[in-house]
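Let me begin by presenting the structure, written as structure tokens, before commenting on it.
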Amino acid sequence: MTTITADGVLPARTPAGNHLAGAVRSCETTGLPLCAVSSRFVRWHAVAAVVFLLIGGIGAILLALTRWPAVHLLNPPWYYRVLTLHGLNMLIFWILNFEVAILYFVGTTLLNSRLYSAALAWAGFLLMIAGAIIVDIAILSGTSDVLMTSYVPLLAHPAFYLGIILVAVGCLLGVINFFGTLYIAKRDGTYEGSVPLVVFGATAAAIIAVVTLLHGAAAMIPAFLWSVGLMDGVDPSWYRSTWWGLGHMSQQVNVCAMVSVWYLIGTLSVGSKPLSETVCRGAFLLYILFINVASAHHLLTDPGVGAAWKIWNTSYAMYLAVLASMVHGFTVPASIEVAMRGKGFRRGLFGWLTAAPWKNPAFSGFFLSLVIFGFGGGITGVVLGTQQINIMAHNTLRIPGHFHVTVVGGTTLAFMALTYYLVPLVFRREFPARVLCRLQPWIFGIGITLFAIGMSFAGSYGVPRRHWDVEFSGALFATGFDSGAHVMLGLMGIGGVIAATGLFLYIALVVAAVFFGRSNAGAGMEPWHTERSGGEVARPGDEDEHHTPGTLVLTGIFLLSFVVYYFANWKWLSDVWHVR
Amino acid sequence: MSIHSPPEDWFEAPSGAERVWIGIAMIWCLVMFIAMPYWYFFGKQNSTGEAYRVTPAAFSARVNTFVESHKVGEVKGMPIAEPAPGGDAYLLARMWQWYPVLKLRKGQTYRIHISSTDLQHGFSLQPLNMNFQILPGYDHVLTITPTSAGEFSIVCNEFCGIGHHLMTGQILVEEQAP
């Protein structure tokens with residue numbers, strides 16, 4: 001067992017659930033109630049998610065091997081086609097399916113409630129699958145080489161837009177089902193007081209998801225009508241601002257879901273609890289309030305939108321959403337530090353960290369996700385989203401360099417980490433090859449970090465994103481990039497291959513566990529980590545919630561890196577031509 | 001526990017290290033926010049988004065008039081046009097070229113009008129790495145002052161179909177005043 005029952009930190013739940021007879025089981029490991037109906041859909045969505053991850057992953061390795069100039073694998077049509085495929089399968093189909101699984105899981109299990117509606121869950125699931133299959137066929141048939149953003153007036157096959165609309169509607173049904181579950185849990189009094197923090201975070205994600213999906217519909221429906229000839233055209237500027245209401249806001253859904261998963265794994269692996277419920281919840285609230293202006297990040301060098309609009313919106317109204325992430329970036333490791341110190345691991349600044357359950361891939365995946373997201377994704381995100389600095393970043397490889405350490409090194413890695421609990425607890429199957437499981441988050445995390453560093457710095461040399469040939473061979477005016485850019489593209493290629501290895505290893509391990517793993521039904525989950533008995537005896541005051549010197553040092557290093565990179569970019573900007 | 005309902009009295013003001021960190025983070029957020037309006041007024045590099053509605057046909061006509069009256073040479077079959085210092089210049093983005101080649105003078109200021117007659121394009125000036133979005137139907141006006149001389153490339157960094165990676169152009173900047 002994990003440390004949770006060993007420590008007895010999970011108190012018995014007092015209120016009765018609202019489950020139908022026989023439709024609930026108590027988890028042998030955690031004692032949490034698992035709704036049978038909900039668990040079925042958690043499994044379906046998780047399996048679908050992994051299938052789309054596989055499709056996107058095959059795309060990923062092909063793309064990495066194409067943009068690595070020494071390999072340059074695909075031809076131009078297939079490069080742009082696979083790029084379209086990769087973006088949609090990863091950013092939409094894999095992530096959304098996993099998020100619906102998370103919503104169903106936390107909504108029912110943590111609130112001790114049944115799922116609101118099985119019929120709605122079926123409808124949502126089938127729409128999401130059908131839509132995704134339609135989109136993938138439209139792409140692979142070569143009729144929709146428009147990349148994920150499908151910027152008008154680039155024209156895709158009508159099925160492409162229709163498929164995305166179906167996925168969005170299906171996902172919306174899943175979100176509605178989650179809200180329905182919140183409603184019946186409250187109505188039936190399945191829990192006392194306020195909802196747990198993880199449910200609160202998931203609710204924030206769900207609220208943002210509704211706004212996101214409505215933007216998606218607002219952009220995609222006119223594009224669809226235009227593609228079938230029912231509309232004359234769609235204004236490109238309007239389309240960009242509306243599409244990015246989907247495109248960037250969905251990333252805030254991912255951030256919310258990821259942070260919730262961080263708190264969840266922190267509790268499951270070391271029994272951590274939030275330092276202050278008020279602070280954590282307040283930070284989620286800031287996400288909801290200020291994230292809806294994020295589409296500005298993609299329009300910072302656009303015509304037709306003014307500087308004041310750009311400055312206010314790109315900063316999420318004075319960086320209040322960035323503040324929220326910086327708060328989580330402190331409270332998440334701090335809650336781990338407090339929990340570990342409370343167990344007696346309090347030697348020096350980082351004794352709590354070295355003694356953490358690193359043999360548990362859920363923990364190592366979560367902590368790597370936290371570090372990669374914070375140092376990589378967070379810092380680059382704010383810098384690239386600074387209105388004027390964006391002049392040196394727009395549409396260069398700096399942009400995908402940024403989001404591969406947010407949504408891949410951050411969100412995807414956190415979801416992978418959660419799987420190391422999800423499969424044993426919900427599928428009730430044990431992972432085989434536990435050494436490989438322990439290595440997997442590291443392979444993936446290190447690979448994606450190298451990949452993003454290479455990408456980001458190649459972008460700093462000016463290398464464009466979504467571009468087949470950095471040599472421009474055959475172009476009217478020969479041009480190219482500094483040799484440093486080629487070194488960085490090589491690093492990107494190598495990192496991409498390592499990350500893809502970690503990704504395929506993950507899929508292989510999940511498939512092996514789900515289909516061939518040893519059943520742990522009736523016995524409970526085999527622990528990932530046996531806690532070594534605390535180095536020292538716990539003393540009064542060890543659980544002092546404010547004694548987090550290690551975390552203060554870590555966040556101090558973070559802030560210093562942030563400040564240096566931020567001002568370095570202003571310096572670089574001041575060296576280019578004057579422009580207004 | 002993050003997975004259980006909090007105690008009734010969970011609402012409390014932050015304290016200790018957490019409070020310190022929130023304070024530091026807020027100050028940093030404010031610094032970053034103020035930096036942008038500051039740079040708008042005192043910095044030399046801004047994207048103001050100045051733009052005017054224009055039909056592709058009308059913009060094409062303006063580009064052609066500009067090229068006819070300002071042509072100073074030709075390179076690889078592409079006309080070179082030199083706008084008057086302080087004057088307007090026109091640059092057309094289309095699949096898959098930047099038309100024409102512009103010849104500018106270092107230290108002079110120009111209003112460069114850029115638009116597309118087909119798809120969206122990305123104006124990416126290399127090796128300076130300055131990037132602006134170009135949309136059909138919008139005349140994007142960049143008021144530019146070159147601060148260095150030499151031969152600069154324009155590449156397209158917004159996907160515009162199968163020949164996207166072949167779409168390059170040139171801006172030539174001469175050292176002395178005319």
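The values are calculated or read from the model by the stated rules, or taken from the named source; none is laboratory data. Everything numeric here is computed off the predicted structure, so don't read it as measured data. FYI the Cβ positions are ideal-geometry reconstructions off the backbone, even for glycines, and counts take in every protein chain you see. We work out accessible area using only protein heavy atoms, side chains counted, and drop any ligands, DNA or RNA first. Shrake-Rupley method; radii C 1.70, N 1.55, O 1.52, S 1.80 Å.
Summary table below
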read-out: Over chain A: helical MRE at 222 nm, DSSP H runs n ≥ 4 each giving -39500 (n - 2.57), nearest 500; value: -20500 deg cm²/dmol
read-out: Rounded Å value of the spacing that divides the Cα centres of region B:100-178 and region B:1-69; value: 25
read-out: Simple spin-label estimate for A:Ala508 and A:Phe350 in nanometres, 7 Å along Cα-Cβ; value: 3.1
read-out: Karplus 3J(HN,Hα) series, Hz, for region A:409-426 with 6.51 cos²θ - 1.76 cosθ + 1.60 (x for Gly, Pro); value: x, x, 5, 4, 5, 5, 5, 4, 4, 4, 4, 6, 9, 4, 5, x, 8, 9
read-out: With every protein chain in place, chain A: carbon and sulfur % of accessible area (1.4 Å); value: 70
read-out: Range of Cα positions in region B:51-174 per principal axis (Å), largest first; value: 34, 29, 28
read-out: Listed residue pairs exceeding 20 Å between alpha carbons, taken from B:Lys71/B:Lys103; A:Lys186/A:Lys273; A:Lys571/B:Lys44; value: A:Lys186/A:Lys273
read-out: Value of relative contact order over chain A, rounded to a whole percent, pairs C-alpha under 8 Å and six or more apart; value: 16
read-out: In Å², nearest 10: area of A:Arg240 left accessible to a 1.4 Å probe; value: 0
read-out: Cβ-derived FRET efficiency at R0 22 Å, A:Asp575 paired with B:Phe41, nearest 0.05; value: 0.65
read-out: Highest-MSF residue in chain B out of B:Ser148, B:Ser115, B:Ser15 [GNM, Cα springs under 10 Å]; value: B:Ser15
read-out: Among B:Gly107, B:Phe159, B:His140 the positive-end extreme of the charge dipole of region B:51-174 (Cβ point charges); value: B:Gly107
read-out: Kirkwood hydrodynamic radius (C-alpha pairs) into Stokes-Einstein, region B:1-95, 4 °C and 1.567 mPa s, D in µm²/s; value: 65
read-out: Selection from A:Ile133, A:Thr66, A:Thr190 lying farthest towards where the dipole of region A:29-193 points positive, charges on Cβ; value: A:Thr190
read-out: Surface accessible to a 1.4 Å probe, per residue, for the residues of region B:51-174, Å²; value: 32
read-out: Extension gain, B:Glu151 back to B:Thr65 (0.36 nm per residue minus Cα-Cα distance, nm); value: 28.5 nm
read-out: Stokes-Einstein D in µm²/s, Kirkwood radius over Cα pairs - chain A at 25 °C with 0.890 mPa s viscosity; value: 100
read-out: Buried area at the A-B interface (accessible, heavy atoms, 1.4 Å probe, summed, Å²); value: 8600
read-out: Shielded residues, region B:33-65 - accessible-area loss of 50 Å² or more between chain alone and all protein chains, probe 1.4 Å; value: B:Phe33, B:Met36, B:Trp39, B:Tyr40, B:Lys44, B:Gln45, B:Asn46, B:Ser47, B:Thr48
read-out: Proximal charge balance of A:Leu197 [Cβ under 10 Å; K/R count +1, D/E count -1]; value: +1
read-out: For A:Gln440, net neighbour charge (Lys/Arg +1, Asp/Glu -1) across residues whose Cβ lies under 13 Å away; value: +3
read-out: Top positive-direction residue, dipole computed over the protein assembly as shown with Cβ charges, set A:Thr406, A:Ala513, B:Leu128; value: A:Ala513
read-out: Solvent-accessible surface ranking, highest first, for A:Leu154, A:Leu230, A:Leu285 at 1.4 angstrom; value: A:Leu230, A:Leu285, A:Leu154
read-out: Surface share of carbon and sulfur [accessible, 1.4 angstrom probe, percent] for chain B; value: 59
read-out: Region A:235-358, accessible area per residue, ligands and nucleic acids excluded (1.4 Å, Å²); value: 22
read-out: Residues B:Ala13 and A:Leu73, FRET efficiency given R0 of 45 Å [Cβ-Cβ distance, rounded to 0.05]; value: 0.20
read-out: Percent of Cα-Cα distances greater than 16 Å, calculated over region A:455-507; value: 50
read-out: Given charges at beta-carbon only (K, R positive; D, E negative), |dipole| of the protein assembly as shown in Debye; value: 740
read-out: Solvent exposure ordering (accessible area, 1.4 Å, most first) of A:Arg438, B:Arg19, A:Arg580; value: B:Arg19, A:Arg580, A:Arg438
read-out: Using distinct alpha-carbon pairs, which all enter the 1/r mean, Kirkwood radius of region A:157-287 in Å; value: 16.7
read-out: Helix-derived mean residue ellipticity, 222 nm - over chain B, DSSP H n ≥ 4, -39500 (n - 2.57), to 500; value: -8000 deg cm²/dmol
read-out: At least 50 Å² accessible surface lost relative to isolated chain, residues of region A:135-182 (1.4 Å probe); value: A:Pro153, A:Leu154
read-out: Computed FRET value (nearest 0.05) for A:Asp482 with A:His546, which takes r as the C-beta separation and R₀ as 41 Å; value: 0.25
read-out: Alpha-carbon Debye profile of region A:29-193, log10 I(q)/I(0) at 0.09, 0.15, 0.17 Å⁻¹; value: -0.37, -0.80, -0.93
